[in-house]
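A short write-up of the structure that comes next.
The values are calculated or read from the model by the stated rules, or taken from the named source; none is laboratory data. It should be emphasised that the depicted structure is a prediction, and the values quoted were computed from it without experimental measurement. We place every Cβ from the backbone using ideal geometry, glycine too, and count neighbours over all the protein chains shown.
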C-alpha cells in the first residue's frame, strides 16, 4: 500500500514522567515511552505487544493526547495533532476513539447505556433528540445488543456485554482510528473470541483502522496485519504478523514467543532464550535488553542498537540479528 494511504504516523514519540529523588532537588525521569516511531495504513490493524510496564498503554493514550506527550510528532492524515489548539483537537476527536481495558471501570454506573453511547453525539453536536436515539439503537445492534438495552444501567450486564457497550460508544461517532487497549484481557476466553470477531467484523464493515494493544501474542496474531514489540519504552521489532511468528529476529521477541503455552503432550515448551532477571533495570548505556540477553557482546555494552529495516519491511533494534 502506498504512503498516500497512511492514516497516522508517529515520529519519535516520547512520554516521560518525573519522580523526586530522596534528599535531592533533582527529579529523575521515568522514560515510559522513549522515541518510538511507526505508521498505520488506512484499514490496517497494528498490534502493539510487550510485557506489563513496557509503555504500550502510555503510548496509546499519548497518541490521542489523553495524556500529553513529552515530545515527538503525531501526524493524523498529515496533520500534526500536537500543534492543534484545544478547539481544533475537539473537532478532531470524533475521528479518533479509544476502547478501554476494563469494561467495569470505564462505564459510568450512574448513566444508562443510551446516555453512555449517545453522549459523544451530543457533545459534538452530531445528533440530538429522536435522531440521537435512533443512532444509538443502530450502534447497539451493530455490536450485538438490543436497542431496548439503552434504558438499562451497566451493572445489569456481563463483562462481555459491557465491553460491547464500550465498543458501541467508540464507533458511535464514525471514527477512522480506534486505539483498543487490552480490550479482551479482562474477559473469559470464550468471550474474548466473540469480542475479537466483533472487532474484525466492524473493521471490515466500517473501514476502521486499529492500534490494538495487548500483552498476549496469540490474540494479537489473530487480529493484526503487522505487529510491533515494545521493551522498556522502545520499539525493538516490527513486522508482518506471519513474518514475526515465522522468523523473530530480536531475542526479546523470541522469548515472548517461547513463553506461549503449547497445547498437547507432544509439544514441549522450549527453554526461554533470555535471562529471567527483573527487566525494569536499565543499563547506563548500550542496549536496554542487555541484562537479559543471552547473546550480548562487547558492542552491546557500549552502543545502543538502531531500529532499522532488515529487509522485507521487518524492523529490529539489535546489533546481531539471530
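Considering only segment 28-39, I want to know if a residue exists there that is surrounded by 13 or more Cβ atoms within 10 Å (Cβ to Cβ), part of a loop (DSSP other than H, G, I, E, B) and modelled with pLDDT under 95.
Scanning segment 28-39, I find no residue that is surrounded by 13 or more Cβ atoms within 10 Å (Cβ to Cβ), part of a loop (DSSP other than H, G, I, E, B) and modelled with pLDDT under 95, so the answer is no.
Can you name every residue in segment 189-238 that is part of a helix (DSSP H, G or I) and closer than 30 Å to residue 290 by Cβ?
Scanning segment 189-238 gives 217, 218, 219, 220, 221.
One line per residue, one yes/no per condition, for (1) under 23 Å from residue 59 (Cβ atoms); (2) touching a strand residue (DSSP E or B) at 6+ places or on another chain (Cβ under 6 Å); (3) not in a loop (DSSP other than H, G, I, E, B):
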residue: 74; (1), (2), (3): yes, yes, yes
residue: 87; (1), (2), (3): no, no, yes
residue: 93; (1), (2), (3): yes, no, yes
residue: 97; (1), (2), (3): yes, yes, yes
residue: 102; (1), (2), (3): yes, no, no
residue: 108; (1), (2), (3): no, no, no
residue: 115; (1), (2), (3): no, no, yes
residue: 118; (1), (2), (3): no, no, yes
residue: 132; (1), (2), (3): no, no, yes
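Could you tell me whether any residue of segment 260-279 is at pLDDT below 85, touching a strand residue (DSSP E or B) at 6+ places or on another chain (Cβ under 8 Å) and closer than 20 Å to residue 33 by Cβ?
The answer is yes; a qualifying residue exists.
Looking at segment 161-184, I want the residues that are at positive phi and touching a residue at least 24 places away in the same chain (Cβ under 8 Å) and have a partner that is assigned to a helix (DSSP H, G or I) and surrounded by fewer than 24 Cβ atoms within 10 Å (Cβ to Cβ) with Cβ atoms under 8 Å, at least 6 apart or on another chain. Which pairs are those?
Going by the 8 Å Cβ cut-off, the qualifying pairs are 174/94; 174/206; 182/57.
Quick check: is even one residue across segment 166-188 under 30 Å from residue 293 (Cα atoms), touching a strand residue (DSSP E or B) at 6+ places or on another chain (Cβ under 8 Å) and buried (at least 17 other Cβ atoms within 10 Å of the Cβ)?
Yes: segment 166-188 contains one or more residues that are under 30 Å from residue 293 (Cα atoms), touching a strand residue (DSSP E or B) at 6+ places or on another chain (Cβ under 8 Å) and buried (at least 17 other Cβ atoms within 10 Å of the Cβ).
Please identify the pairs in which a residue from segment 97-125 that is surrounded by fewer than 13 Cβ atoms within 10 Å (Cβ to Cβ) has its Cβ atom under 7 Å from the Cβ atom of a residue that is in a loop (DSSP other than H, G, I, E, B), counting only partners at least 6 apart or on another chain.
Final answer for the pair search is 109/153.
From the list 43, 12, 47, 60, which residue is surrounded by 15 or more Cβ atoms within 10 Å (Cβ to Cβ) and at positive phi?
Among 43, 12, 47, 60, only 43 is surrounded by 15 or more Cβ atoms within 10 Å (Cβ to Cβ) and at positive phi.
Which of (1) touching a helix residue (DSSP H, G or I) at 6+ places or on another chain (Cβ under 9 Å); (2) in contact (Cβ under 8 Å) with a residue 24 or more places away in the chain does residue 79 not meet, given it meets every other one?
(2)
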